[in-house]
Amino acid sequence: MIVLASTAKHRAALLSRLGVAFEAARPDFDEEAASAEGAPAEVARRFAEGKARSVRRPGALVIGADQTAELDGVSLPKPLTMDAVAAQLRQLAGRTHTLHSAVAVYDVDTDRMEADVAHVELTMRPLSEAQIAAYLSVDHPVGSVGGYLYEGVGVCLFDDVRGADDSAIVGLPLVVTARLLRRFGVDPLA
């Protein structure tokens, strides 16, 4: 049995692309209480592992995922208001930032954990205040890493994207996920 430690619709839609049967469960992991200290990629990995480990279903392989955004070596917080989203988009406009998307697969019965991180560099185009306002009126990306929804109209915010797996931008890097599942004997093509 595979359990996705997330109730996010976009992560479930991505995992469905692999064609494996799974169920979704809310992780019992408090991001606010967990330490966000350290390099942004390491924080994403630690949080993905924490989410996976928090779902205790006997016989399950649990998939946890987390994502951080980094600009100039500093982790960007998830903007929790529309004003904070607009401010973050102003900060990113015309610049390149990195998304670190971590995946962890946890075998509840054996306590075995495998995890990895996909990195994607995104160059946001320069944006006017009117363009930021227009975007916010469409996607309402409050609480989204980076302050945008790439799976929505947010894709129009970018001039360039560099990385091996565009699903990592949305929050569940499928190349990494499939590779980790194979390590546990789950091959979507078998």
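The values are calculated or read from the model by the stated rules, or taken from the named source; none is laboratory data. Keep in mind the model is a prediction, meaning the values are calculated, not measured. Please note: Cβ atoms are built from the backbone with ideal geometry, for glycine as well, and neighbour counts cover all protein chains shown.
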- Message: Of everything in the range 123-135, what is part of a helix (DSSP H, G or I), out of contact with any Pro (no Cβ under 9 Å at 6 or more places or on another chain) and not polar (S, T, N, Q)? Give them in sequence order.
- Response: Glu129, Ala130, Ile132, Ala133, Ala134
- Quick one: in the range 97-120, which of the residues that are of a type in the set (D, E, K, R) and not in a strand (DSSP E or B) is farthest from Gly163 (Cα to Cα)? Asp109
- Query: Can you tell me which residues in the range 164-179 are at pLDDT below 95, hydrophobic (A, V, I, L, M, F, W, C) and over 13 Å from Asp66 (Cα atoms)?
  - Reply: Ala164
- Search result, residues across the range 64-75 that are over 12 Å from the mean Cα position of the chain (by Cα) and either aliphatic (A, V, I, L, M) or buried (at least 21 other Cβ atoms within 10 Å of the Cβ) (or both): Leu71, Val74
- Qualifying position, being assigned to a helix (DSSP H, G or I) and either crowded, with 22+ Cβ neighbours inside 10 Å or of a type in the set (A, V, I, L, M) (or both), among Val138, Val186, Val161: Val138
- Considering the range 164-183 alone, what residues qualify as being closer than 29 Å to Arg95 by Cα, aliphatic (A, V, I, L, M) and assigned to a helix (DSSP H, G or I)? Ala168, Ile169, Val170, Leu174, Val175, Val176
- Reported set for the range 8-48 where residues are surrounded by 13 or more Cβ atoms within 10 Å (Cβ to Cβ) and among the acidic types (Asp, Glu) is Glu31, Glu42
- Task: Residue by residue through the range 78-87, note down the ones that are surrounded by 15 or more Cβ atoms within 10 Å (Cβ to Cβ) and either hydroxyl-bearing (Ser, Thr, Tyr) or closer than 17 Å to Ala130 by Cβ (or both).
- Result: Met82, Val85, Ala86
- Criterion violated by Leu172 - all others in (1) out of contact with any strand residue (DSSP E or B) (no Cβ under 6 Å at 6 or more places or on another chain); (2) in contact (Cβ under 8 Å) with a residue 40 or more places away in the chain; (3) surrounded by 18 or more Cβ atoms within 10 Å (Cβ to Cβ) satisfied: (1)
- In the range 77-130, the residues that are in contact with an Asp or Glu (Cβ under 7 Å, 6 or more places away or on another chain) and closer than 21 Å to Val43 by Cα: Thr96, His97, Thr98, His100, Ala102, Val103, Ala104, Val105, Met113, Ala115, Ala118
- Specify which of the listed residues (Lys51, Lys78) is part of a loop (DSSP other than H, G, I, E, B) and not β-branched (Val, Ile, Thr). Lys78
- Message: Just to be sure I understand the filter: pairs with C-beta atoms under 7 Å, separated by 6 or more residues or on different chains, first member in the range 17-33 and without any contact (Cβ under 8 Å) to a residue 24 or more places away in the chain, second member assigned to a loop (DSSP other than H, G, I, E, B). Which pairs pass?
- Response: Ala24/Ser6; Ala24/Thr7; Arg26/Thr7
